[in-house]
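Student: Structure incoming, see below.
Here, each number is a calculation from the coordinates, and none is a lab measurement. Just so you know, these numbers come straight off a predicted model, no measurement behind them. A quick note on method: Cβ atoms are made from the backbone with ideal geometry, for glycine too, and the neighbour counts reach across all protein chains shown.
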Amino acid sequence: FLASRLLSHVGNLPPKVQQLGYISRGLKVAVVGSVGGIGQPLSLLLKHNPQISTLSLYDIKNTTGVGVDLSHINTRASVCPFEGKNGLKKAMDKADIVVIPAGLPRKPGMKREDLVDVNASVACEVAFAASEVCPGAMLAFITNPINVIVPIVATILKAKGTYDPNRLFGVTTLDVVRAQTFVADILNVDPQKVNIPVIGGHTGRTILPILSQCDPPFKGTDKEREALIQRIQNAGTEVVNAKDGLGSATLSMAFAATQFVNSLIKGIKGSKDECIVECAYVESDVTEAQFFATPLILGPQGVKENTGLPDLDDEERKALNGMLPILKESIAKGIKLGEGMI
Ligand code: NAD
Ligand code: LMR
């Protein structure tokens, strides 16, 4: 009753007061793996979002220090750190969004797929906890290998009766961020003004930037186009090799994940003036792969509309056909692993 009184009151307030955001419902966002290389800068960047009222942090250890440090920042979100037994469920309890940068990163010479044994169990813990304490939350998995992890989680959530395909995402935003940056370098334009869909999955050939739809247009030779696509597909390995044993992309990933979570929040808040579009790896009927990344329109319930495959030229169509068997194999593996964890 009080809430409905408050809401009707809010509608009567002058627009300026509404804009100040004093009375907008704040969201609870949980970061699982918040002490890690991605987790810390991601938590820092999320602490800036005035729509977040509770920033809940979980890691297996050292969360308290990171939490106290962040809590001194003079922005709206209250920082609540958790660790240890039951910490995960406490952190995720009634969360609106859970973002998961938890798990092992690659070292030089490793493929993302080599991480699956360790990281599947992390994803499984999160899936069970979500089913219990925040079944309506949007879940955004950063943990690699994304192509396998998301089907694992979907399988567990289905078994628990809490699966909503519109609310489970594999975060592939970094592929788009990289594509924008590398295209902008070549065209000598502002990377923020480059629009380019990146579809498929998040490893090697399954990362497919659609250069034919790039805006502003990319008009390189076939050789330049091939080199650009390869750079985007191998960008993760470029960072792993440059870090030389100290992990994989963390800062650019934190930036990309913040963009994605901020878009989820804009979707939840139901922006009237803006169409919120992000590419992400979700359950999909766009191709014969059961999970596939395409540009998605986001809304209050997560995916509002899957915009489907962008127009493809002949080369892109060939590349899509070439990647589908790889993606389908990863998905089948994920579903099998998920079934083994129920
Ligand atoms: P990191 O080792 O620096 O941090 C991982 C954190 O996860 C650590 O703090 C660790 O304590 C925590 N953790 C481990 N098991 C956990 C559990 N069961 N519950 C909660 N927390 C747990 O690694 P990172 O560089 O931050 O990378 C994290 C993951 O993100 C890796 O799997 C990496 O491959 C992946 N990644 C994905 C993308 C992408 O584009 N999707 C980009 C970069 C990295
Ligand atoms: C990336 O693309 O940077 C991540 O997937 C991390 C990695 O292992 O490459």
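Student: Suppose a student asked you for the relative contact order of the stretch 173-280, using Cα pairs under 8 Å spaced at least 6 residues apart; what percent would you report? Could you put the intermediate results ahead of the total?
Tutor: Details: 108 pairs, mean separation 29.0, N = 108.
With pairs under 8 Å counted, the relative contact order is 27 percent.
Student: Now for a separate question. For the chain, what does the helix formula give at 222 nm: sum of -39500 (n - 2.57) over DSSP H segments with n ≥ 4, over the residue count, nearest 500 deg cm²/dmol?
Tutor: After summing the helix terms and dividing by residue count, I get -14500 deg cm²/dmol.
Student: Additional query: Taking neighbour counts of Cβ atoms within 10 Å as a proxy for exposure, in what order, fewest first, do MET341, MET323, MET138, MET110 appear? Could you put the intermediate results ahead of the total?
Tutor: Details: MET341 17, MET323 22, MET138 26, MET110 14.
Result, fewest neighbours first: MET110, MET341, MET323, MET138.
Student: Which of the pairs LYS193/LYS304; LYS85/LYS333; LYS111/LYS243; LYS160/LYS333 have their Cα atoms more than 26 Å apart in this structure?
Tutor: Over 26 Å Cα-Cα: LYS85/LYS333.
Student: What order, most packed first, do the peptides 220-227, 306-313, 148-155 have when packing is the mean number of other Cβ atoms within 10 Å of each residue?
Tutor: Values: 220-227: 11.5, 306-313: 14.8, 148-155: 27.5.
Per-residue Cβ counts within 10 Å, averaged per peptide and sorted highest first, yield 148-155, 306-313, 220-227.
Student: Still on this structure, please answer the following. Rounded to whole Å and ordered largest first, report the semi-axes of the equivalent ellipsoid of the stretch 238-342 derived from its Cα gyration tensor (root of 5λ).
Tutor: 25, 22, 18
Student: Same structure again: For VAL303, what is the net charge nearby, where nearby means another residue's Cβ is under 11 Å from its Cβ and Lys, Arg count +1, Asp, Glu -1?
Tutor: -2
Student: Over the Cα atoms of the chain, what Rg and Dmax result, in angstrom?
Tutor: For the chain, the Cα radius of gyration and maximum Cα-Cα distance read 19.9, 65 Å.
Student: Specify which residue in the list THR287, VAL177, THR250 is farthest towards the positive end of the charge dipole of the chain, using unit charges on the beta carbon of Lys, Arg (+1) and Asp, Glu (-1), about the Cα centre.
Tutor: THR250
Student: Magnitude of the Cβ-charge dipole of the chain, K/R +1 and D/E -1, about the Cα centre, nearest 20 debye? Let's see the in-between values first.
Tutor: On the way: 35 positive and 34 negative charges, 228 e Å.
Approximately 1100 debye in magnitude.
Student: In whole percent, what relative contact order does the chain give with Cα contacts below 8 Å and a gap of six or more residues?
Tutor: Here the relative contact order equals 16 percent.
Student: Specify which residue in the list VAL189, GLY39, MET92 is farthest towards the positive end of the charge dipole of the chain, using unit charges on the beta carbon of Lys, Arg (+1) and Asp, Glu (-1), about the Cα centre.
Tutor: So the residue furthest toward the plus end is MET92.
Student: Roughly what % antiparallel, to the nearest 5, for the DSSP beta bridges in the stretch 14-169?
Tutor: Antiparallel bridges make up about 0 percent of those DSSP assigns within the stretch 14-169.
Student: Report ³J(HN,Hα) in whole Hz for each residue of the stretch 325-333, in order, from the Karplus equation J = 6.51 cos²θ - 1.76 cosθ + 1.60 where θ = phi - 60°; Gly and Pro get x.
Tutor: x, 5, 5, 5, 5, 5, 5, 4, 4
Student: Oh, and also: Lys and Arg at +1, Asp and Glu at -1: add these up for the other residues within a Cβ distance under 13 Å of ASP244 and post the number.
Tutor: Details: positive: ARG106, LYS107, LYS243; negative: GLU238.
Computed value for this residue: +2.
Student: So what are the ³J(HN,Hα) numbers for the stretch 298-314, from phi and the Karplus equation (6.51, -1.76, 1.60; θ = phi - 60°), rounded to whole Hz, Gly and Pro as x?
Tutor: Calculated HN-Hα couplings, in order: 9, x, x, 9, x, 6, 8, 7, 8, 6, x, 6, x, 4, 10, 8, 4 Hz.
Student: In what order do GLU113, GLU283, GLU329, GLU288 fall by count of nearby beta-carbon atoms within 10 Å, going from fewest to most?
Tutor: Result, fewest neighbours first: GLU288, GLU329, GLU113, GLU283.
Student: Nearest 10 degrees, 0 to 90: what angle lies between the long axis of helix 173-187 and the longest principal axis of the chain (Cα atoms)?
Tutor: 50 degrees
Student: Let me ask another. Compute a Gaussian network model of the chain, connecting alpha carbons closer than 10 Å, and tell me which residue from THR287, THR258, THR162 fluctuates the most.
Tutor: Comparing THR287, THR258, THR162 in a Gaussian network model of the chain, the most mobile one is THR287.
Student: Oh, and also: At what distance in angstrom do the alpha carbon centres of the stretch 305-342 and the stretch 143-222 lie from each other?
Tutor: Result: 12 Å between the Cα centres.
Student: Restricting to the chain, compute how many DSSP beta bridges are antiparallel as a %, nearest 5.
Tutor: Working: 17 of 38 bridges.
Here the antiparallel bridges make up roughly 45 percent for the chain.
Student: Let me ask something else about it. Exposure proxy check: THR143, THR237 ranked by fewest other beta carbons within 10 Å?
Tutor: Taking fewest neighbouring Cβ atoms as first place, the list is THR237, THR143.
Student: Next question, about the same structure. In a shell of Cβ-Cβ distance under 9 Å around VAL198, excluding VAL198 itself, what net charge do Lys and Arg (+1) and Asp and Glu (-1) give? Kindly include the intermediate steps, with their values, before the conclusion.
Tutor: Details: positive: ARG178; negative: ASP175.
With Lys, Arg at +1 and Asp, Glu at -1, the neighbours total 0.
Student: Let me ask something else. Given that compact globular proteins tend to follow 2.2 N^0.38 Å, what is the ratio of the alpha-carbon Rg of the stretch 222-261 to that value?
Tutor: Against the empirical 2.2 N^0.38 Å value, I get 1.40 for the stretch 222-261.
Student: Further question on the same structure: List the residues, sorted by chain then number, that are 5 or more residues from ALA293 or on another chain and whose placed amide H is less than 5 Å from its amide H.
Tutor: GLY200, GLY201, VAL282
Student: List, largest first, the extents of the alpha carbons of the stretch 128-270 along their principal axes, each in whole Å.
Tutor: The Cα atoms of the stretch 128-270 stretch 52, 40, 24 Å along their principal axes.
Student: If you take the charge dipole of the chain about its Cα centre, with +1 on Lys and Arg Cβ and -1 on Asp and Glu Cβ, which of ILE210, LEU27, ALA120 is farthest toward its positive end?
Tutor: Of the listed residues, the answer is LEU27.
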